[in-house]
Amino acid sequence: MDAQGLDWLLVPLQQLVSWGAAGAMVFGGVVPYIPQYRDIRRTQNADGFSTYVCLVLLVANILRILFWFGRHFESPLLWQSVVMVLTMLLMLKLCTEVRVANELNVRRRCFAAADSKDEEIRAPPRRSYLDFDPHHFWHWSGFGDYVQCVLAFTGVAGYVTYLSIDSALFVETLGFLAVFTEALLGVPQLYRNYRHRSTEGMSIKMVLMWTSGDAFKTAYFLLNRAPPQFSVCGLLQVLVDLAILLQACAYAQRPPKPAPHAAHPASAKAL
């Protein structure tokens, strides 16, 4: 049977593979955060996950969505950003609820230990986005404050993009900032490992998932001729992942080195 006779099988198979690759691109980026979400719900403890992860990913993916209006790229990449924004908002909602509940529980324990005669337990001081206090930035008391901040950033960035959409330099710079921000997510973890001379508490399985996912994503960029910013920053992500894996091998037999100061918040790849 010649190749033309197999078209009835090859064409649907190619479409199936294409759909599968597109689906992996859209939802693959959120998979590493599913175990983290379930773990926070189960333990009611969000200390192991930094909400700055959500901040960086929200900024990166909102900028990528705006970049699409200036230079259309593959639809799965656009939907990937939409799904990631929704995922990070869900993570923020859960982390905020758990943190506020834990702060209240601490106050209740202190209240009980002090054997106070006051009948009312004071709630933790409310920190709001509208306070514009830089010391409490991205550490607010209500999920609605995060939503307001995201909407404000989206509105300002969207307005600037609307005014500058005809500038090729602006559009290309916007695309570079979007993917470059996401590409550097692993750098804080890399630096933290270096400072402590240890990868204790870091999940090797998760890093392997990130490495395989970033490698697949980069290959997808190259094969589908995505804008060059995507491919370059995808390669950078893979290199950072590999560097973290090398740290895990190098520090495996070494005792952790005490840090001179408090540890930095967990990065996007410090689950």
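The values are calculated or read from the model by the stated rules, or taken from the named source; none is laboratory data. Treat the numbers as computed from the prediction; the structure is a model and nothing was measured. A quick note on method: Cβ atoms are made from the backbone with ideal geometry, for glycine too, and the neighbour counts reach across all protein chains shown.
Data overview
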{"read-out": "Output for region 24-69, where each listed residue is part of a loop (DSSP other than H, G, I, E, B), surrounded by fewer than 17 Cβ atoms within 10 Å (Cβ to Cβ) and either among the β-branched types (Val, Ile, Thr) or in contact with an Asp or Glu (Cβ under 7 Å, 6 or more places away or on another chain) (or both)", "value": "Val31"}
{"read-out": "Residue check, Ala248 in a loop (DSSP other than H, G, I, E, B), surrounded by fewer than 19 Cβ atoms within 10 Å (Cβ to Cβ), modelled with pLDDT under 85 and hydrophobic (A, V, I, L, M, F, W, C)", "value": "no"}
{"read-out": "Residue within region 92-100 that is modelled with pLDDT of 80 or more, under 30 Å from Thr161 (Cα atoms) and assigned to a helix (DSSP H, G or I) present", "value": "yes"}
{"read-out": "Test for Val106: is it of a type in the set (A, V, I, L, M, F, W, C), modelled with pLDDT under 80, surrounded by 13 or more Cβ atoms within 10 Å (Cβ to Cβ) and part of a helix (DSSP H, G or I)", "value": "no"}
{"read-out": "Tally, over region 62-82, of residues that are touching a helix residue (DSSP H, G or I) at 6+ places or on another chain (Cβ under 6 Å) and either of a type in the set (A, V, I, L, M, F, W, C) or under 25 Å from Val98 (Cα atoms) (or both)", "value": "8"}
{"read-out": "Phe176, sole failed condition from (1) in contact (Cβ under 8 Å) with a residue 12 or more places away in the chain; (2) outside any helix (DSSP H, G or I)", "value": "(2)"}
{"read-out": "Filter result (at pLDDT 65 or above and among the charged types (D, E, K, R)) within region 109-139", "value": "Arg109, Arg126, Arg127, Asp131, Asp133"}
{"read-out": "Selection count, region 51-85, where residues are over 29 Å from Leu169 (Cα atoms) and at pLDDT 90 or above", "value": "0"}
{"read-out": "Matching residues, region 70-82, being among the aliphatic types (A, V, I, L, M) and surrounded by fewer than 16 Cβ atoms within 10 Å (Cβ to Cβ)", "value": "Val82"}
{"read-out": "Some residue of region 152-166 being of a type in the set (D, E, K, R) and either at negative phi or in contact (Cβ under 8 Å) with a residue 12 or more places away in the chain (or both)", "value": "yes"}
{"read-out": "Single residue of region 34-50 satisfying the filter (at pLDDT 80 or above and under 13 Å from the mean Cα position of the chain (by Cα)) that is farthest from Glu103 (Cα to Cα)", "value": "Ile34"}
